[in-house]
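> Dumping the structure here so I can ask a few things about it.
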Amino acid sequence: MTPNDILGLVFVYGYVIILLIISEKFLGKYVNFSRKFLHIMVGNVLFILPIFDTWWVMSLLTAAPFIVLTFLMSPYSPIKSIRNRMSESGHGLGLVYYSISWTVLALLFFNQPWIIAIGIAAMSYGDGMASLIGMKYGKRKYNLTGDTKSLEGSAAMFLVLLVTLWIVLIYYQVIISPLVIVAVALVATILEGVTPKGLDNISASLGAVATLLMVG
């Protein structure tokens, strides 16, 4: 473990702790918004990834522990005092799947952190905004696989990803065709719309990366 790895760990855990405090102390009375705020803002860890020097520190000490943490704060937790503190409305294991996606991407693409960042952006900014906009403005509903989504939410996800994926690529100084960005955003949006039970945190993320690898 290098000094940069330690710095990365401090930044990630410190940032998540700050988000949890804001979510619980200041936004706690707005339950759905609080959890979506957490879902979206955790995605900013993608800007910390370049600090890490060692694959196992990023994947096994940084990403993987959140699988356990989010499960312990889900409706299925054996610890009553923190049960259901971080679950998303209707999807008790949504944030667990979120953490699984991040861990898998960290294991597979440590040497290409911008690819990890694309996957994180799809499930944090994209999926999070789809749900947030859908809950507030969603009028045109659809239900393809058991979960009700909205066209407004899906449109928001697509547009948000067009912007945020571009920002991610600029940050990582990676140049790809705008058509590839459109394809990645479109596939992630479609997968979010057809995937039920919080599993869109896996399908949108890994689907975005798979599309990037195939057409990028």
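The values are calculated or read from the model by the stated rules, or taken from the named source; none is laboratory data. Computed from a prediction, not measured in an experiment: that's the story for all the values here. When we count neighbours, we look across all protein chains shown, and the Cβ atoms used for this are built from the backbone with ideal geometry, even at glycine.
> Given the conditions (1) surrounded by fewer than 16 Cβ atoms within 10 Å (Cβ to Cβ); (2) at pLDDT 85 or above; (3) part of a helix (DSSP H, G or I); (4) not small (G, A, S), and given that M1 satisfies all but one, which numbered condition is not satisfied?
Result: M1 fails condition (3) only.
> Does the range 189-216 hold any residues that are among the β-branched types (V, I, T), part of a helix (DSSP H, G or I) and within 28 Å of P75 (Cα to Cα), and which are they? Spell out how you get there, then give the answer.
Step one: list which residues in the range 189-216 are among the β-branched types (V, I, T), which gives 189-190, 194-195, 202, 209, 211, 215.
Next cut, part of a helix (DSSP H, G or I) only: 189-190, 194, 202, 209, 211, 215.
Passing the criteria: T189, I190, V194, I202.
> Being modelled with pLDDT under 90, farther than 29 Å from K149 by Cβ, out of contact with any Ser or Thr (no Cβ under 7 Å at 6 or more places or on another chain) and not hydroxyl-bearing (S, T, Y), is that true of even one residue in the range 39-62?
No, the conditions are met nowhere in the range 39-62.
> Mind checking which pairs have a first residue in the range 147-166 that is among the aliphatic types (A, V, I, L, M) and a second that is part of a strand (DSSP E or B) and surrounded by fewer than 20 Cβ atoms within 10 Å (Cβ to Cβ), Cβ under 7 Å, 6 or more apart or different chains?
From residues that are among the aliphatic types (A, V, I, L, M), the pairs are L151/Y142.
> Which one of P75, P50 is surrounded by fewer than 21 Cβ atoms within 10 Å (Cβ to Cβ) and in a loop (DSSP other than H, G, I, E, B)? First the steps, then the outcome.
Numbers: P50 fails: in a loop (DSSP other than H, G, I, E, B).
After applying the criteria, what remains is P75.
> Quick check on the range 107-128. Is at least one of its residues under 20 Å from V16 (Cα atoms), surrounded by fewer than 24 Cβ atoms within 10 Å (Cβ to Cβ) and hydroxyl-bearing (S, T, Y)?
no
> Has the range 92-101 got at least one residue that is more than 17 Å from L61 (Cβ to Cβ), buried (at least 21 other Cβ atoms within 10 Å of the Cβ) and in contact with a Phe, Trp or Tyr (Cβ under 6 Å, 6 or more places away or on another chain)?
Yes.
> Can you find a residue in the range 81-89 that is part of a loop (DSSP other than H, G, I, E, B), over 16 Å from A185 (Cα atoms), free of Cβ contacts under 8 Å to residues at least 40 places away in the same chain and not polar (S, T, N, Q)? Spell out how you get there, then give the answer.
First, the residues of the range 81-89 that are part of a loop (DSSP other than H, G, I, E, B): 83-87, 89.
From the residues that got through so far, the ones that are over 16 Å from A185 (Cα atoms) too are 83-87, 89.
Restricting the remaining residues to those that are free of Cβ contacts under 8 Å to residues at least 40 places away in the same chain gives 83-84.
So of that shortlist, the ones also not polar (S, T, N, Q) come out as 83.
Yes, there is a match, as at least one residue in the range 81-89 is part of a loop (DSSP other than H, G, I, E, B), over 16 Å from A185 (Cα atoms), free of Cβ contacts under 8 Å to residues at least 40 places away in the same chain and not polar (S, T, N, Q).
> From the list L169, L165, which residue is surrounded by fewer than 22 Cβ atoms within 10 Å (Cβ to Cβ), aliphatic (A, V, I, L, M) and under 20 Å from A106 (Cβ atoms)? If you could, list the steps in order and put the result at the bottom.
Working: L165 fails: surrounded by fewer than 22 Cβ atoms within 10 Å (Cβ to Cβ).
On inspection, the qualifying residue turns out to be L169.
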